[in-house]
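Here the structure is laid out as structure tokens; the discussion comes afterwards.
The values are calculated or read from the model by the stated rules, or taken from the named source; none is laboratory data. Here the structure is a predicted model, which is why all the values come from computation and not from measurement. With ideal geometry, Cβ positions are generated from the backbone for all residues, glycine too; neighbour counts draw on all protein chains shown.
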Amino acid sequence: MTNGRFASAFGSSLPLPPALDSLLHGALRHILGNPGSLVRPKLVFQTAVAYGLSTEQAQDLAVALEYFHTASLVFDDLPCMDDAIERRGAPCVHHVYGQADAILAALALINRAYALTWSSVAGCPLPIQQRALAYIERCLGVHGLLNGQSRDLNYSSLPHTLETTERIAREKTVSLIRLTLVLPAMLGGAADRDLQQLERLSLFWGLGYQMVDDLKDVLQDAGQSGKTPARDALLGHPNVAVVLGVRPAVRRLTRFIDLGDKVFHRLVESRPRLQFLGNLRSELQQELARVTRNCYALTEEVVHS
């Protein structure tokens, strides 16, 4: 599938009834019309197909997981959380349509995401269905994303250490990357060894992408990052670049990329059809290069001020 087809699927997989309230309709059209880079659903689709799912199952799962992710961003941007102004290069939906309809729109995305997920899962053998649905709950529920979001919001009462900061990243960001890489393979009946390797890859690349995001918050303006900058330090939210400083954070990120490379090479040796995952690794490296291009002109004192 091309990016255009993914964008079309993202925008059209949540049918909006004619009788829908105008504000909720506007909020949903605002969200569905700003899909972002669509890297995540493309990876879900390719991984699902590589493990034998039909194109219909793969597309439903890809859109479902992107709806879950997008809903989490809508919640994350609310005034009671990050109080952001801009997301994906556009005003945050709550700034245009109000907080209440932003919340309702996010819930509509989640509701549709579960329906699409079930459509994808229903064609699998019952043991795989049970395992996959339990995995989704673990990643999105109180053991994963929700707990990480709560820790994020209450970070001011927690130790501002690398351990705490990365634990939150594992629960929030890594949980979503696990759904992207592990879940479609699980639905395709992947061997446990493959699932273990994909879990490790999700950890290294998930932490890597969170650290790139942290660096963007510190180093870039809204025009460069597409979202409100400098929110982490202002709101007292976890950010590895703030905890460690920019240079050590970049070194740690590079270490995660190296560890991920080792896992990736082992994985594609046994499953060559997963070679496309190298594109995600390349994009991570490119993002790091873009974000840090001018960072060494900054001092650690500026970063921590």
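Residue by residue through the range 27-41, note down the ones that are of a type in the set (D, E, K, R) and under 18 Å from the mean Cα position of the chain (by Cα). Passing the criteria: only 40. Among the residues of the range 77-114, those identified as among the charged types (D, E, K, R) and at pLDDT below 95 are 77, 82, 83, 86, 87, 88.
Quick grid of which residues meet (1) in contact with a helix residue (DSSP H, G or I) (Cβ under 7 Å, 6 or more places away or on another chain); (2) within 28 Å of residue 259 (Cβ to Cβ); (3) among the small types (Gly, Ala, Ser); (4) modelled with pLDDT of 95 or more:
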residue: 116; (1), (2), (3), (4): yes, no, no, yes
residue: 135; (1), (2), (3), (4): yes, yes, no, yes
residue: 149; (1), (2), (3), (4): yes, yes, no, no
residue: 186; (1), (2), (3), (4): yes, yes, no, yes
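Applying the criterion of at least 2 residues that are hydrophobic (A, V, I, L, M, F, W, C) and more than 17 Å from residue 10 (Cα to Cα) to the helices (runs of 4 or more DSSP H) found wholly in the range 24-124 leaves 39-50, 99-121. Filtering the range 187-206 down to residues that are surrounded by fewer than 23 Cβ atoms within 10 Å (Cβ to Cβ) and of a type in the set (A, V, I, L, M), which residue is nearest to residue 173 (Cα to Cα)? Result: 203.
Flag not set for residue 60, criterion: acidic (Asp, Glu) and over 22 Å from the mean Cα position of the chain (by Cα). Considering the conditions (1) within 17 Å of the chain's Cα centre (by Cα); (2) of a type in the set (Gly, Ala, Ser); (3) at pLDDT 95 or above, residue 206 is excluded by exactly one of them, (3). In the range 25-33, is there at least one residue being within 17 Å of residue 176 (Cβ to Cβ) and touching a His at 6+ places or on another chain (Cβ under 9 Å)? No, the range 25-33 contains no residue that is within 17 Å of residue 176 (Cβ to Cβ) and touching a His at 6+ places or on another chain (Cβ under 9 Å). Can you pull out the residues in the range 125-141 that are closer than 19 Å to residue 177 by Cβ and either part of a loop (DSSP other than H, G, I, E, B) or acidic (Asp, Glu) (or both)? The answer is 137, 141. Filtered by the rule that a residue be small (Gly, Ala, Ser) and within 21 Å of the chain's Cα centre (by Cα), the range 11-26 gives 11, 12, 13. Across the range 112-140, the qualifying residues are those that are within 22 Å of the chain's Cα centre (by Cα) and loosely packed, with under 13 Cβ neighbours inside 10 Å, and the one among them that is nearest to residue 168 (Cα to Cα) is 137.
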